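The structure under discussion appears below in the form of structure tokens.
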Amino acid sequence: METKNVIIVGVGGQGSLLASKILGHLLLNQGYDVKVSEVHGMSQRGGSVITYVRFGDKVYSPVVDEGQADFIVSFEILETARWLSYLKPNGQIVTNIQQIDPMPVITGAAAYPENLVEKMKNAGFKVDAMDCLSLARQAGSQKAVNIVLLGRLSHYFDVDEAAWQKSLEANVPPKFLELNKKAFALGKSSC
Amino acid sequence: MRELMLGNKALARGLYEAGVCFVSSYPGTPSTEITEEAVKYDEIYCEWAPNEKVAMESAFGASLAGRRSFCGQKHVGLNVAADPLFTMSYTGVNAGLVIVVADDAGIHSSQNEQDSRHYAIAAKVPMLEPSDSAEALNFAKLAYEISEQFDTPVIIKMCTRVAHSQSIVEIGERAEIFKPYEKNIPKYVMMPGFAKKRHPVVEERTKKLIAYAETTPINRAEIFSDEIGIITSSTCYQYVKEVFGDSVSVLKLGMVNPLPPELIKNFAAQVKKLFVVEELDDVIENFVKSLGLEVEGKNILPLVDEFSQNLIAEAFGRKIPAGKKLADEIPARPPVMCAGCPHRGLFYSLKKRKCIVLGDIGCYTLGAVPPLSTIEMTLCMGASIGATHGFNKILGKESENKTVAVIGDSTFMHSGMTGLANVAYNQSNSTVIILDNSITGMTGHQQNPTTGFNIKGDPAGKINLEALCHAMGINRVRVVDPYNLKECDTAIKEELAAPEPSVIISRRPCALLKYVKHKPPLFVDAEKCIGCKSCMKIGCPAISMKDGKAVVDATQCVGCGVCSQLCPKKAFASTAEV
């Protein structure tokens, strides 16, 4: 199989490390060669962060470059827009519609672009947008946005439910497992 | 067993399997997780040392005592530890000693982009360079064999993309190694008479290591084409394979010091055109040129930043995919101090007093970005205090009443103390602010000598900063709470005015620490808010303006209350009170 590329983007601290860990674990158990590249350090302090997940028969580079992503999984809509050029023609966007103002917007030095989902759709991007924050709260914690998104992403993967559950169990601390399973289910059943 | 593993975790697994018993490191991105993963093995004693030099010396002592030992750091950490490294090359080791240096091409989380391969060359020690997690594990084990076989410390060079990428590894069993210590003064006492005799030993060892490099399986030629041959190592190997697959020949170097001249010449003879693909400096390329070979490298590839598959494809004249964008301007999202960060109030107070702030390495370096824009210099660990001393010595009264050094608790213990010793000894009227957030923050919450806990979170020795500063000869030492703006302002004003050196300890734990109990979020009473933006001056990511009024993002706010102290209309209130 030709290597598939996923980028997970968001704001530092939103939980992309856990999402990539769960996804990587899942794909490993499907028998793929997998590489995941993470961001640690300063960018995690509220900066724009990007995590790469690649899988296939044989994966060399751990990173995804412009024009190569099959999926953009995004925690925040401005970040979706920022990384659009990484998407392949016909690539799929799975995004949270939450808006988090970056500092230049907070200080008034820049404006947060409006109607981003609509603009992306008009530009021909395949956008699956949803309010993950509400669903995460419904599951019991606003921190579960990452798992809601994975639930939604699961629609696009030819992997059975049990394998996703197994990967959640292997990577989420036991005391948060029920909450995260609920978040996954809410994300999955949201469309 | 097949596992998906972070490069740093795989390296730690390699340490475990190699029988390592002692790890001493100082945290630094992208090296930190090696030590954090190693501590999970009960068989390995692990510690955070106050700095890299102490860590490396401790690892040396453990090697002398007979157990395989390890010391990890980021690239700039090796600058600090260079002193023991250069002479350990002369003494050699007893049990194996391996050093990791993790470079940060692309400057993801560093103050520079230096290429650590120069250290291996200058110190004349072997350097291995893994290209993925499986190699990180296997090279760690091999490095101990090389260390003991050739009686030398061995450096493993990681980079951000190997350290922080997960790939598949096979794990194995642990070996136990013990080599009883034997007194050997001419080998281990590096005074001139003995050191002079050790230098030729080093040169002889290098010759043997070159012979080893010629045949070691970690340097391998993958011959697929007689047209193009690419010499490469580390993560660049992965990019080269990504772009070219098996359509070009590749000489993959797992050992980058010393380099194997015959292997390179043989490889060059099998291809029509020879290239070197290496990030940062032209180390391999210059060596290849010194062999009299024609080679291309930095004429088509940059000396700066990290590489990727697209960058290499483009350099070789291949078409790369172009992605589509929206027409909108996308505002940048630089990292910021977290909501509730205790540094914020202190920086606001410094800005208000128009202080010249010479900074240091840590989360608080973010005090340099808008809207605080307060820090005017950041150089290296500990430099804030030395630089403030020099600044004040030159400008005297002109700067003494407005210049401060700001330095974190961990950075102060790392190398700020010696700067303070200079202030106390040579008496500059300097004001030093220790931002004591009770943890090493930027690298992800490591304990340090001031926190009272060790790497496992167990109770440990605790250095009292106030007593330490007093003992060093600083008479004026005071503690403030950075959530209290008035207290900060008074302390800054008084200590800058004082006619002698002083230390202000700004003390409050990092807002991200799990044990910190936060207050409920605040909200803005829109009726009271006059839209004056006073609260916006602190650059809190939880506060923004909507329709001319301030609003608080309840998902981020931790109720620190710094903003409410700035509000002239008392418009902020706690959600707990409604």
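Structure above, values below:
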read-out: Positive-pole candidate from B:Gly416, B:Leu209, B:Asn219, dipole of chain B, charges at beta carbon; value: B:Gly416
read-out: Size of electric dipole in segment B:245-312: Cβ of Lys, Arg +1 and of Asp, Glu -1, about Cα centre, debye, nearest 20; value: 340
read-out: Amide H contacts under 5 Å for B:Ile433, placed H, 5+ residues apart; value: B:Ala405, B:Val406, B:Ile407, B:Ile504
read-out: B:Tyr188, B:Tyr181, B:Tyr348 arranged by Cβ crowding within 10 Å, fewest neighbours leading; value: B:Tyr181, B:Tyr188, B:Tyr348
read-out: DSSP-defined beta bridges in chain A - what % are antiparallel, rounded to 5; value: 50
read-out: Stretchable slack from B:Lys298 to B:Asp547, in nm (0.36 nm times residue separation minus alpha-carbon distance); value: 84.4 nm
read-out: Dipole magnitude of segment B:481-578 about its Cα centre (Cβ charges: Lys, Arg +1; Asp, Glu -1), debye to nearest 20; value: 280
read-out: Rounded FRET efficiency, nearest 0.05, which uses the C-beta distance separating B:Lys528 from A:Glu178 and R0 of 30 Å; value: 0.10
read-out: Shielding by partners - mean other protein chain Cβ count within 10 Å, residues of B:358-369; value: 1
read-out: Radius 14 Å from Cβ of B:Arg476, net charge of other residues (Lys, Arg +1; Asp, Glu -1); value: -3
read-out: Equivalent-ellipsoid semi-axes of the protein assembly as shown, from the Cα gyration tensor, Å, largest first; value: 42, 37, 24
read-out: Acute angle (nearest 10 degrees) that the helix B:82-91 long axis makes with the longest principal axis of chain B, alpha-carbon atoms; value: 30
read-out: Ranked B:Val250, B:Val406, B:Val125, criterion: other C-beta atoms within 10 Å, fewest first; value: B:Val250, B:Val125, B:Val406
read-out: Taking segment B:431-563 and dividing mean pair separation by its residue count, relative contact order in percent (alpha carbons under 8 Å, at least six apart); value: 23
read-out: Length-normalised contact order for chain B - Cα pairs under 8 Å, 6+ apart - percent; value: 11
read-out: Environment charge of B:Thr450, counting only residues whose C-beta is closer than 11 Å and scoring Lys/Arg +1, Asp/Glu -1; value: -1
read-out: Which of A:Leu18, A:Leu149, A:Leu84, B:Leu301 has the fewest Cβ neighbours within 10 Å, and the rest in rising order; value: A:Leu18, B:Leu301, A:Leu84, A:Leu149
read-out: Given charges at beta-carbon only (K, R positive; D, E negative), |dipole| of the protein assembly as shown in Debye; value: 1660
read-out: GNM top mover of A:Val148, A:Val105, A:Val94 - chain A, alpha-carbon springs below 10 Å; value: A:Val105
read-out: Net charge contributed by nearby residues that have their C-beta within less than 15 Å of A:Phe157 (K/R +1, D/E -1); value: 0
read-out: Built amide H within the under 5 Å cut-off of A:Glu66, gap 5+; value: none
read-out: In degrees, nearest ten, helix B:52-64 long axis to first principal axis of chain B (Cα); value: 40
read-out: Inter-site label distance for A:Asp160 and A:Asn29 at 7 Å from Cα along Cβ, in nm; value: 1.2
read-out: Cα-based Rg / Dmax (Å) for segment B:154-250; value: 20.3, 56
read-out: Stretchable slack from B:Lys570 to B:Asp458, in nm (0.36 nm times residue separation minus alpha-carbon distance); value: 36.0 nm
read-out: Gain on full stretching of the segment that runs from B:Ile121 to B:Leu379 - 0.36 nm per residue minus C-alpha separation; value: 90.4 nm
read-out: Nitroxide proxy distance, nm - points 7 Å out along Cα→Cβ at B:Ala554 and A:Ala111; value: 2.9
read-out: Test item: A:45-52 mean partner chain Cβ contacts at 10 Å; value: 5
read-out: Sites B:Arg2 and B:Glu173, calculated FRET efficiency, Cβ-Cβ separation with R0 22 Å, nearest 0.05; value: 0.90
read-out: At R0 = 35 Å, FRET efficiency that the Cβ-Cβ distance of B:Gln149 and B:Asn286 yields, to 0.05; value: 0.80
read-out: Taking segment A:1-154 and dividing mean pair separation by its residue count, relative contact order in percent (alpha carbons under 8 Å, at least six apart); value: 23
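Every read-out reported here was derived from the displayed coordinates using simple, explicitly stated rules and does not represent laboratory data. All values derive from a computational prediction rather than experimental measurement. Here Cβ is always computed from backbone atoms with ideal geometry, including for glycine, and neighbour counts include all displayed protein chains.
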